[in-house]
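Please read the structure below before turning to the comments.
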Amino acid sequence: MPTCAPLHPAVPGIADLFDDANGTISPLIYSDPALYELELERVFARSWLMVAHEGHLPEPGNFFVSYMAEDPVIVVRQKDGSVKVLLNQCRHRGMKLCRTDAGKAAGFICSYHGWAYDLAGKLINVPLQKRSFQALDKSQWNVRQARVEIYKGFIFATWNADARPIAEYLGDAAYYLDCLLERSPAGYEPLGGVYKWRIPCNWKFAAEQFASDMYHGIFSHSSPQMAMKMDGPMPNVAEFEGGQFRSANGHGTGFYLTDLQWPVRVGQSGEHVPGFDPAAPLARVTERLGSDRARMTAQHMTVFPTFSMLSTFDTFRVWHPRGPDEIEVWAFAMVDKAAGEAEREQARLSVLRTFAPSGTWEQDDGENWVEIQRVLRGSEARKTILNAQMGMGEAKDVNPNFPGAIWNPYAEESARGFYAHWQKLMLDDRPVTPLTSAEARHAD
Amino acid sequence: MQTRPPLELFHAARGLDRIVQQAIEQFLFYEAALLDAHSLHEWFALLADDIRYVMPIRTTRSVRDDAQQYSGPRDLAYFDESKDSIGLRIRRLYTGSAWSEEPRSRTRHFVSNIRIAPLEISGEYEATSAFLLYRNRAESQTDLFAGERIDTLRCIDSPAGFELVQRRVLIDQSTLLANNISFFF
């Protein structure tokens, strides 16, 4: 595998693919198959990947089938209430163990030869073992399992034995993630249903946009804003106050400060659910977080590499990579457990009508990324250096409520942080420390 | 997924007036033609004021859990629309900057396997049909969607003869094999 050396005599090495100081990107990072193979090892296998929310597995035996990059996994609630993440692969001939999306099980039986595993992935039965597998030590053939940590209900997993605990991995971005996840004293739960769809584009377009790109909202998403009917004058988003934050660990976020979260949700629903008071949720959050954090609007965020979210509509998603030029988006939505029926319905309608593959906002994102990816089939297009210089050199720590943030929502500060971290991981040629069988046993 | 046993539908269809059968089929074909011609204001006029237009998410479940394969009424869905929200979607498409449909997709709605049963409310019918929707856009993007639509139609005094009161779209995909849904089924 290439490291710092050029990928090909005619193309630059990884160190030249992104220039943090000058804010320039080589489009090869979005299109090169060799780089993608390296990403699976150096970016995805090293990182904590969000695989499910605890609300997807309410009871022991509940499972939710997910992915860690291209690797299929089963997220499963144990009898003691803990959660395991198992590689969805039988140890005999590698067959997919669980072939449904979700459900409840006592264990998993491979449909190929019938090897049976319990909920913890322990091999418990091998057909014809006495007759034909006499020397088999079943304890050596358990399903592989990833390391698991849960952060405020979100289940993260990694194959990296050296990965820092999730709180350290989130690091300076945890404060901003909490701005999204701590808005309700009751907490949040996922609405039923997960959207899954394919977009033929590189995963970094999607992940970077949610980390950093408030800018595209003005133009890409002008149509739902023009079509919306709102009480009072239409706000001018180009003049909104707000900030953007670049994490040292590749995460990124940005936000406006407005009182318009729920009026916009009502407007974007196309209807006001009877009995819902748009002022009520803001008052509740203000009491909890104070005015500045309660007013954070349309907070977009990516937890590196592929877990993204957007407040106001409370959509959460993972961009599972499927080769250099395709992603599978898995998106769901969260709702405040303290919300009454009317607020819950307004939340449900507003997110499904905006941030779904059929949504009035989401549709246009799919259009943009697909067209960029197509352009990158051209060899000249792949050599054309792209500009990511927006907001370079802006002062940080302007507003004490938002540590480390620059005071402009329209910048590419977080994008540069995202690519700088990507580059750092890609240049690190040390092998990822695999989880040992001892660690797997310890996890049992 | 069917709303009633096929045999019962078959008996209902045998008792159905052929003129009603033909009128409903022609309504469905007319409606499909309006969608393919992007005549969305005319299509909108065919919707009842109390329309509910729903397209649940579909998942892969074990046979035992078959009943759970569609998302429910309190869950997320591709569509869960009122007349007002469909109106918002159509207004968006006419802003000139709805990039997923600017330039427009080329679509063709194929509607077949139509089965009709009168409902208890006089003048209302349930029409179940299979659809195949072909979309081609930009240079070469091509998507194909198949599924079932379960419609409630109300006979009214209008040139089209009916209005659409309910539509439930059941798509035959769990992972949607397209970058978006920028059109109506």
Relative contact order, percent, of chain A when contacts are C-alpha pairs under 8 Å separated by at least 6 residues?
22 percent
Shielding by other protein chains, B:58-65, mean Cβ within 10 Å
5
Whole-Hz Karplus ³J(HN,Hα) for region A:65-79, in order, using 6.51 cos²θ - 1.76 cosθ + 1.60 and θ = phi - 60°, x for Gly and Pro?
7, 9, 9, 10, 6, 8, 7, x, 9, 10, 9, 9, 7, 7, 4
Subtract the Cα-Cα distance of B:Asp157 and B:Leu144 from 0.36 nm times their separation in residues, and report this length gain in nm to one decimal.
1.1 nm
MRE, 222 nm, helices only [DSSP H, n ≥ 4, -39500 (n - 2.57), over chain B, to nearest 500]:
-7000 deg cm²/dmol
With contacts defined as alpha carbon pairs under 8 Å and 6 or more residues apart, what's the relative contact order of region A:171-427 in percent?
32 percent
Gain upon complete extension [A:Ala279, A:Asp80; 0.36 nm per residue less C-alpha separation]:
67.5 nm
Could you give the dipole magnitude of region A:171-427 about its Cα centre, charging the beta-carbon of Lys and Arg +1 and that of Asp and Glu -1, in debye to the nearest 20?
660 debye
If you count, for each residue, the other Cβ atoms within 10 Å and average over each peptide, how do B:138-146, B:161-169 line up from highest to lowest?
B:161-169, B:138-146
How crowded by other chains is A:217-228, given as the mean number of beta carbons from other chains within 10 Å of each beta carbon?
5
How would the protein assembly as shown be classified by its alpha-carbon gyration tensor: rounded, prolate or oblate, with rounded meaning a/c under 1.5 and the a/b versus b/c comparison settling the rest?
oblate
Would you be so kind as to identify which of A:Ile218, A:Gly242, A:Trp422 lies farthest towards the positive end of the dipole of region A:171-427, taking Lys and Arg as +1 and Asp and Glu as -1 on Cβ and the Cα centre as origin?
A:Trp422
Using a 10 Å cut-off on Cβ to Cβ distances, tally the other chain neighbours for every residue of A:349-355 and report the average as a whole number.
4
Among A:223-231, A:320-328, A:69-77, what's the highest-first ranking by average C-beta atoms within 10 angstrom per residue?
A:69-77, A:320-328, A:223-231
Let me have the relative contact order for chain B, percent, based on Cα pairs under 8 Å that are six or more residues apart.
23 percent
Work out the length of the dipole vector of chain A about its Cα centre, built from +1 on the beta-carbon of each Lys and Arg and -1 on the beta-carbon of each Asp and Glu, and round it to the nearest 20 debye.
1900 debye
Structure shown: which of A:Lys96/A:Lys122; A:Lys122/A:Lys196; A:Lys122/A:Lys152; A:Lys152/A:Lys337; A:Lys84/A:Lys204 lie over 21 Å apart, alpha-carbon to alpha-carbon?
A:Lys122/A:Lys196; A:Lys122/A:Lys152; A:Lys84/A:Lys204
Hey, what number do you get for chain A at 222 nm if only DSSP H runs of n ≥ 4 count, each worth -39500 (n - 2.57), divided across all residues, to the nearest 500?
-7500 deg cm²/dmol
Karplus-derived 3J(HN,Hα), 6.51/-1.76/1.60, for each residue of region A:336-352, Hz, glycine and proline x:
5, 5, 7, 5, x, 4, 5, 5, 4, 5, 4, 5, 4, 5, 5, 7, 6
Selection from A:Asn142, A:Thr100, A:Leu49, by position along the positive dipole direction of region A:49-149 (Cβ)
A:Asn142
If eta is 0.890 mPa s and T is 25 °C, what Stokes-Einstein diffusion coefficient results for region A:57-117, Kirkwood Rh from Cα pairs, in µm²/s?
210 µm²/s
Under 20 Å from A:Lys229, Cα to Cα: lysines that are on another chain or at least 8 residues apart:
B:Lys83
Checking the a/c ratio against 1.5 first, then a/b against b/c, what shape does the Cα gyration tensor give for region B:6-163?
oblate
Report, ordered by chain and residue number, the aspartates and glutamates lying within cross-link reach of A:Lys104, taken as a straight Cα distance under 12 Å and ignoring same-chain residues fewer than 8 apart.
A:Glu59, B:Asp65
What FRET efficiency would be calculated for the residue pair A:Ala15, A:Ser379, taking the C-beta separation as r and a Förster radius of 25 Å, to the nearest 0.05?
0.70
Among B:Asn136, B:Phe79, B:Ser39, which residue has its Cα positioned farthest towards the positive end of the charge dipole of chain B, with +1 placed on the Cβ of Lys and Arg, -1 on the Cβ of Asp and Glu, and the dipole taken about the Cα centre?
B:Asn136
State the antiparallel share, in %, of DSSP beta bridges confined to the protein assembly as shown, rounding to the nearest 5.
95 percent
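Every number here is computed from the coordinates shown, using simple stated rules; none is lab data. Worth saying up front: this structure is predicted, and the values here are computed from it rather than measured. Cβ atoms come from the backbone with ideal geometry, glycine included; neighbour counts cover every protein chain shown.
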